[in-house]
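Peer 1: This structure is in structure tokens; I'll ask about it shortly.
The values are calculated or read from the model by the stated rules, or taken from the named source; none is laboratory data. Predicted model, so just to flag it, every value in this text is computed and none were measured. Here Cβ is always computed from backbone atoms with ideal geometry, including for glycine, and neighbour counts include all displayed protein chains. With ligands, DNA and RNA removed, areas are computed over all heavy atoms of the protein, side chains included. Shrake-Rupley method; radii C 1.70, N 1.55, O 1.52, S 1.80 Å.
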Amino acid sequence: MEEFLSKILEKHKDKIVKVKEIVPWRVIFEVPNGRLKELAKDVFEIHGFRLSTISTLDQGFYFELLYHFVKDKYVLTLKTVISKENPRIPSLTDIIPGANWLEREVRDLFGIEFEGHVEPERIVLPPDWSLEPPLRKPIAPKLPPTYAEYLVNLISKAALASITGIVKRRRTKMGLPEVVAPVLESKKVIEEIRKISKELEIDRKVPVRK
Amino acid sequence: MMLKYIFYPGCYVSTMLPHVEAAIRFILKKFNVETIELEDLSCCPPKINSIADELFWLTVAVRNLAIAESKGLDILTPCNGCFESFFEAKMMYMEGKDLREKVSNILSKLGYKFEGKIKPKHLIEVLYEDVGLEKIKENIVKPLGALRVAVHYGCHLFIVEHGGDVWKKPRMTDELIKVTRAELVRDGLERLCCGFVPSTVDDAFSLTYRTEVRLKSVKELGVDALVTPCPQCLMRLEFGQVRLRAKARYDVPIIHLAELLALALGLDPKKFGFTVYHKSPTKLILQKIGLG
């Protein structure tokens, strides 16, 4: 990390919970949402950055807000997380006037409230918009790969577990039935679980193997 | 009266722990418990999948319950995960009118109907409540008084109806261990998660902060074995030891409650691969009880 950014990190290390260096002049500081404003104030007023833009990621249960600050060749991103159940965060507009339109855009598209915004009007949506924020997904977590894979397996073949040759031999040796539910690959079961997933349109959530 | 259930071993027991299944079947046969095996049952499926789609998880789970109900029999499972899934599915289905209507509509198209007349039962409940502790006690032929064991209940064993006694099934587990005459030793971490489910999200964290914490504690107790009624806990705590070997050796024998009972009820350990199929040193148990 370049010295200029290291000095900022050193000065504010009590507020920063995680650091990611993309390249030496482009870093991400992760901060708790309650500390974001004081750090943003210093970055803007003392270290001379300008707020370039705010990006928002809908991660299912929570939002990630990325405030991108730029100065010369340096890009410093302040990243914070807010809950989707209570999506609100202090506005930066009283210290950074340029945050005005950026925060309003995020508010319109994701439904995040920027508390204390100096001009809380719609900017990209019509003033009488009454539907859900258009870029906001339903509350649902991004599944860890294991479970996403399991869901695909459940839809495709009812998640009927396969049994290896060695286990089959062990079972036989111990006098156990060769296969038992839910191991048996029953065509009827697979077909019925597929019908259920079709009724519920589950294949919209995960790609289904043919 | 002969006891009769739909037998649902679950995928872990049948595909990875056949020795545990052999012990379970031996015990059930010993007490004339008839098991009906059905080809129409699907994966339970694990409750964690309700995160992806609650209605899908619920409908598939209730389909299994409806099939059991059509035979007029309760479902017997030795798997904490399957038990949790069936138990919670029945509870949600019976309590939530909207959910029940949605699930019923889908299942009726497949020709199924569930009215909540049957119950999912954990092996522990069947042995403790239906077979009865006294009957088990009368049939102990190999008292395991030489053994000192710790217990790991498995989180999903604590599932109960609203306002129910969460310690009911863990207490049954304790009694089933004690009926073998083994001494039950406690370290206070019996309720800790083994790390199995969280490992699917963060394996390294789960191994260090769940699996190893419990293994370390049990090792310090100096017991002869850790007994669990949960297949997933058994696998996690056994494979965990193998994976941690480069860092530390724990060498704690981990066995299923059914295996402990089967030994006490006279099953020859050679007949169910007691020392062959485990990943932990179970031969130490046999040496301690004079069978090794």
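Peer 1: What is the helix-to-structure angle for B:168-178, meaning the angle in degrees between its Cα long axis and the longest Cα principal axis of chain B, kept from 0 to 90 and rounded to the nearest 10?
Peer 2: Relative to chain B, helix B:168-178 is tipped by roughly 30 degrees.
Peer 1: Continuing with this model, one more query. So what is Rg over Rh here for the protein assembly as shown, counting just Cα atoms and using Kirkwood for Rh?
Peer 2: 1.07
Peer 1: Taking 51 Å as R0, compute the FRET efficiency from the Cβ-Cβ separation of A:Lys73 and B:Lys216 and round it to 0.05.
Peer 2: Working: r = 50 Å, r/R0 = 0.98.
Step by step, r from the Cβ atoms, then E = 0.55.
Peer 1: At most 15 other Cβ atoms within 10 Å and a DSSP loop assignment: could you name the trypsin sites (Lys or Arg not before Pro) in region A:85-156 that fit?
Peer 2: Counting only loop positions with at most 15 other Cβ atoms within 10 Å, the trypsin sites (Lys or Arg not before Pro) in region A:85-156 are A:Arg122, A:Lys142.
Peer 1: A follow-up question, please. Which value in nm describes the separation of the simple spin-label points at B:Asp165 and B:Leu189, placed 7 Å from the Cα toward the beta carbon?
Peer 2: For the pair B:Asp165/B:Leu189, the computed spacing is 2.8 nm.
Peer 1: Right, here's the next one. Any chance you could run the full-extension gain for A:Asn86 through A:Trp101? It's 0.36 nm times the residue separation minus the Cα-Cα distance, nm to one decimal.
Peer 2: Taking A:Asn86 through A:Trp101 to full extension adds about 3.2 nm, to one decimal.
Peer 1: What pairs in B:Lys216/B:Lys279; B:Lys216/B:Lys288; A:Lys168/B:Lys219 have C-alpha atoms more than 24 Å from each other?
Peer 2: Pairs exceeding 24 Å: A:Lys168/B:Lys219.
Peer 1: Quick one: compute the contact order of region A:1-97, relative version, from alpha carbon pairs under 8 angstrom and 6+ residues apart, as a percent.
Peer 2: That works out to 25 percent.
Peer 1: Kindly state, to the nearest 0.05, the FRET efficiency for A:Lys7 paired with B:Asn105, given R0 = 60 Å and r defined as their beta-carbon distance. Write down the numbers at each step before the final one.
Peer 2: Details: r = 64 Å, r/R0 = 1.06.
Plugging the Cβ-Cβ distance into 1/(1 + (r/R0)^6) gives 0.40.
Peer 1: Please list, in order, the residues from region B:159-190 whose amide nitrogen is less than 15 Å from a point placed 7 Å along the Cα→Cβ vector of B:Leu133.
Peer 2: Within reach of a label on B:Leu133: B:167-184.
Peer 1: Run through region B:17-121 and list the GluC sites (Glu not before Pro) located in a DSSP loop whose Cβ has at most 14 other Cβ atoms within 10 Å.
Peer 2: B:Glu37, B:Glu39, B:Glu115
Peer 1: May I pose another question? Do you know the relative contact order of region B:140-288, to the nearest whole percent, from alpha carbon pairs under 8 angstrom that are 6+ apart?
Peer 2: Over region B:140-288, the number comes to 29 percent.
Peer 1: Same structure, new question: So which cysteines of chain B have no other cysteine's Cβ under 4.7 Å from theirs?
Peer 2: If one checks each Cβ against the other cysteines of chain B, B:Cys11, B:Cys43, B:Cys155, B:Cys193 turn up with nothing under 4.7 Å.
Peer 1: For chain A, which longest stretch is free of loop sites, where a loop site is one of the GluC sites (Glu not before Pro) that DSSP puts outside H, G, I, E and B and that has at most 16 other Cβ atoms within 10 Å?
Peer 2: A:3-84
Peer 1: Next question, about the same structure. Can you give the angle from 0 to 90° between the axis of helix A:36-45 and the longest principal axis of chain A, with both taken from C-alpha atoms, to the nearest 10?
Peer 2: Taking the Cα atoms of chain A, the angle to A:36-45 is about 40 degrees.
Peer 1: Let me ask you something else. List the longest stretch of chain B that has no exposed loop site; here a site is one of the trypsin sites (Lys or Arg not before Pro) assigned by DSSP to anything other than H, G, I, E or B, with at most 13 other Cβ within 10 Å.
Peer 2: No qualifying site falls inside B:1-112, the longest such stretch.
Peer 1: Based solely on C-alpha atoms, express the radius of gyration and the Dmax of chain B in angstrom.
Peer 2: Here Rg and the maximum Cα pair distance are 19.1, 58 Å.
Peer 1: Moving on to the next point. Among the chymotrypsin sites (Phe, Trp or Tyr not before Pro) within region B:87-187, which fall in a DSSP loop and have no more than 15 other Cβ atoms within 10 Å of their own Cβ?
Peer 2: Passing both the DSSP loop test and the Cβ count: B:Trp167.
Peer 1: Counting only the heavy atoms of the protein chains, how much of B:Val141 is accessible to a 1.4 Å probe, in Å² to the nearest 10?
Peer 2: Its accessible surface works out to 100 Å², give or take rounding.
Peer 1: Taking Cα atoms, how many degrees apart are the long axis of helix B:18-30 and the longest axis of chain B, rounded to 10 and kept between 0 and 90?
Peer 2: 80
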